[in-house]
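The values are calculated or read from the model by the stated rules, or taken from the named source; none is laboratory data. What you see is a predicted model; the values in this text were computed from it and never measured. Ideal geometry is used to build each Cβ from the backbone, glycine not excepted, and the neighbour counts take in all protein chains shown. Quick note on the areas: whole protein, heavy atoms, side chains included, nothing else; ligands and nucleic acids left out. Shrake-Rupley method; radii C 1.70, N 1.55, O 1.52, S 1.80 Å.
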Amino acid sequence: MTSIVSKLPQVGTTIFTTMSALAAQVGAINLSQGFPDYDCSPELIELVNQAMKEGHNQYAPMAGVKALRDEIANKVQKLHGAAYDPDTEITITAGGTQAIFTAISAVIHPNDEVIVFEPAFDCYAPAIKVMGGIVKSLELEPTNNYRIDWGMVKKLITNRTKLIILNSPHNPTATILHQEDIEQLSAIVHNQDILILSDEVYEHLIYDGEVHHSMARYPELKERSFIVASFGKLFHATGWKVGYVLAPEYLMNEFRKVHQFLVFSVNSAMQHAMAQYLKDENTYRSLPDFFQQKRDYFRQGLAQTQFELLPSYGSYFQSVKYGHLNNESDVDFAMRLTREAGVACIPTSVFYTRGTDHKVLRFCFAKKQETLDDAVNRLLDFKL
Ligand code: PMP
């Protein structure tokens, strides 16, 4: 019977939950899954309490609380000079993952092709497959710093290409899109019926003064894009699962046709609190400095180990190469590091459909300074 009902190969455990469980079991410092080990703002928690006390405890509107959509529209206008109508072009979602699944299911029909750059965050391919779409992946490599070869992208395009999925800043590689990428992408989609799903959940985690090239900035890309954002990343509250999606009205109509039956309404007290909290633009403008300090601190520590550090331009991840140290698979090595060194990380082969192993490990540095110190000391004590 399983064969007639199963649409996807596996469900339940992912490497993220496996590594976190192993870390807990052996008492390792968990730099695997991407979440902070410090709390979100007490002021924001207070605002949630207040919203509940004020009686915001029933269903929110399907598109989300209007005050929050208004604040998001202001933010996007200020940051990217882009206008989104809060009534028809912004929808609050139950986190980024739901926004991604909903956008894919709203536009992908059987046999539509979707271009995905690998290594890729794990929730893209399953959503495409459930809808009967075809994943056309293009593997990027650490040897050229995971740059996208747009010539190869052109070769992947067929008359069935419906969607290109982008993610900048990128999980797991910590790379970002540059102006040249935007130009190449624009040339490829020009006059084509190709949509874009732009996963921008790390939009504010970008360093060294670099600009976040949101699809919202480029009218020709904006008009064909779903842009996904997550308050989990923005407010250090991954467990709250609130995010949003921006899209032009014709795409948002399709999005809401799915959203209204999949989710209907997102946590209303949190939305009221976030609308209030977002009025202070320092909440997001302070994030690059806040995380850059952590990145620099962690990199300084890791530089003392024998790992070879890859650049980290954005996101809260730092990857390292270890192929010069041993020949173990990245999964085996990550497990051994967790058990023997007491530091958990993610092997990046899991982000490739074919399990391509470049001997690269990903660490999350959204942690307290003492956690990062402890992790680096353990790695230094361990005979790599
Ligand atoms: N996209 C990427 C690239 C992510 O790393 C994550 C979270 N790890 C998400 C989407 C999902 O965001 P959320 O937790 O809001 O569902």
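Side notes on the structure shown:
- Residues of region 116-134 that are open to solvent by less than 50 Å² (accessible area, probe 1.4 Å), within 15 Å of residue 162 (Cα to Cα) and away from the ligand (no atom under 16 Å from the Cβ): 132, 133.
- Within region 20-49, residues that are over 22 Å from residue 382 (Cα atoms) reach partners that are open to solvent by 20 Å² or more (accessible area, probe 1.4 Å) and away from the ligand (no atom under 14 Å from the Cβ) with beta carbons closer than 6 Å, at six or more positions or on different chains, in the pairs 37/368; 37/371; 38/368; 44/277; 47/276; 47/277.
- 1 or more residues within 16 Å of the ligand (Cβ to nearest atom) and in contact with a Leu (Cβ under 7 Å, 6 or more places away or on another chain): qualifying helices (runs of 4 or more DSSP H) within region 241-287: 268-277, 282-285
- Flag: residue 233 matches the condition of being assigned by TED's automatic domain parsing to the domain that holds residue 215, within 12 Å of the ligand (Cβ to nearest atom) and within 26 Å of residue 83 (Cβ to Cβ).
- Residues satisfying the stated conditions in region 26-50, i.e. of a type in the set (Gly, Ala, Ser), farther than 19 Å from residue 230 by Cα and crowded, with 22+ Cβ neighbours inside 10 Å: 28, 32
- Residue 299, sole failed condition from (1) open to solvent by less than 50 Å² (accessible area, probe 1.4 Å); (2) of a type outside the set (S, T, N, Q); (3) more than 16 Å from the ligand (Cβ to nearest atom); (4) more than 24 Å from residue 76 (Cβ to Cβ): (1)
- Out of 322, 316, 297, 352, one residue alone is at pLDDT 95 or above and touching an Asp or Glu at 6+ places or on another chain (Cβ under 7 Å). It is 352.
- Per-region count, region 199-238, residues in a loop (DSSP other than H, G, I, E, B) and within 23 Å of residue 41 (Cα to Cα): 10
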